[in-house]
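> Structure in structure tokens, see below.
Derivation of every value follows stated rules applied to the coordinates shown; laboratory data play no part. From a predicted model like this one, the values you see are computed outputs, not experimental measurements. Backbone-built Cβ (ideal geometry, glycine too); neighbour counts: all protein chains shown.
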Amino acid sequence: MTAYSGFAKIYDAYMQAEDYDRWLMGIQALIKEYGVPTKHVLELACGSGAMSVLLAKQGYDVIGLDISEEMLMVAKDKALEERVRIGFFQQDMVNYELNNTFDTVLCICDGMNYVLEEEDLESVFERVHHSLTDKGLFIFDISTYYKLKYILGESTIAESREDSAFIWENFYDEDESILSFELTVFTEENGVYRRSDEVHEQRAYKIADIKRLSEDYFEWMTVVTDTFDVIDVKNYDEETMTNERVFFVLKKK
Ligand SMILES: C[S@@+](CC[C@H](N)C(=O)[O-])C[C@H]1O[C@@H](n2cnc3c(N)ncnc32)[C@H](O)[C@@H]1O
């Protein structure tokens, strides 16, 4: 099964709502400090729409784009429930086409790690550059090389709740810089448990890789931790720095 086809059903239940609240506050502060006055926002790899909905509730005009039909179905239901209007599009962010332009483009919670080839990541930067208004910001995070190799690599994580459970087995390939994970999801339907299996792959990018692949299109504003503390990029040692998620703030050249 393709990534997120079965996982979409339980994704929200296993995510922490407080992360999204913290990220929203941090992102808004970054836009104020480095960006242009922002009304129109595009969220790439918006998944089940948690951030898109929060942004729409703050008054932004939001478009969410994701490759997974199942995640977008959850996102559309969430937007309906929360009574916000958001345009959702099923597209690959590597080569997406939208007619609109945006003041800020976001991609949060590992979306960029799912782009496995460097040339494809460069293509995302080109596409975002094309979508942004003059001096607009691209704010995104990555799960770090440290997290993929040392925290997740070769680990097995399992969790069981009243009506769902998952087993998540990780394998890190050093030569390819790819973390593969096999995810088995069980969901209860009318007293019967349905099993689905899917494989995900994420690429470990280092901060220097992101710089090299984006620099034709973007000026670097800052790189911050998950708690929005500034990172000293020049002295950043990828093998020993224990940040699991870093955010990049890039301005359209
Ligand atoms: C970990 S989820 C994050 C979802 C959402 N951003 C959030 O904060 O919860 C990663 C998402 O990236 C999407 N994705 C992976 N590759 C993609 C691609 N090439 N284009 C668009 N979306 C992609 C997946 O479908 C999934 O919804």
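> If I take R0 = 35 Å and measure r between the Cβ atoms of His130 and Val192 in this structure, what FRET efficiency does the formula 1/(1 + (r/R0)^6) give, to the nearest 0.05?
The computed FRET efficiency comes out at 0.15.
> With a bin width of 5 angstrom, please list the P(r) values of segment 84-233 as percents of all Cα-Cα pairs, from the 0 bin to the one holding the largest distance.
2, 8, 14, 18, 16, 15, 12, 9, 4, 2, 0
> Could you tell me the distance between the Cα centroids of segment 32-111 and segment 191-217, to the nearest Å?
Measuring centre to centre over Cα atoms gives 18 Å.
> Rounded to the nearest angstrom and ordered from largest down, what semi-axes does the equivalent ellipsoid of segment 1-64 get from its C-alpha gyration tensor (root of 5λ)?
25, 13, 10
> If you take every residue apart from Leu65 with its C-beta less than 11 Å away from the C-beta of Leu65, what net charge results, scoring Lys and Arg +1 and Asp and Glu -1?
-3
> DSSP loop (so not H, G, I, E, B), at most 13 other Cβ within 10 Å: list which chymotrypsin sites (Phe, Trp or Tyr not before Pro) in segment 85-118 pass both filters. Can you show the working numbers first?
Numbers: sites: Phe88, Phe89, Tyr96, Phe102, Tyr114; in loops: Tyr96.
Passing both the DSSP loop test and the Cβ count: no residue.
> Right, something else. With the Cα gyration tensor of the chain in hand, convert its eigenvalues to equivalent ellipsoid semi-axes via √(5λ) and list them largest first in whole Å.
28, 23, 16
> Estimate the FRET efficiency between Glu162 and Arg212 by the formula 1/(1 + (r/R0)^6), using the beta-carbon distance for r and 51 Å for R0, to the nearest 0.05.
Values: r = 47 Å, r/R0 = 0.92.
Efficiency, from the Cβ-Cβ distance: 0.65.
> Take the chain, connect every pair of alpha-carbon atoms lying under 10 Å apart with a spring to form a Gaussian network, then pick out the residue of Val53, Val199, Val124 with the largest mean-square fluctuation.
Among Val53, Val199, Val124, the largest GNM mean-square fluctuation belongs to Val199.
> Among Lys9, Lys234, Lys135, which comes first, second and so on when ranked by fewest other beta-carbon atoms within 10 Å?
Lys234, Lys135, Lys9
> Moving to a separate point now. Take segment 147-203, compute every pairwise Cα distance, and split them into 5 Å bins from 0; I just need the percent in each bin.
Cα pair-distance distribution for segment 147-203, in percent: 5, 20, 25, 18, 13, 10, 6, 3, 1.
> Could you please rank Met241, Met51, placing first whichever residue has the fewest other Cβ atoms within 10 Å of its Cβ?
Fewest to most other Cβ atoms nearby, the residues stand as Met241, Met51.
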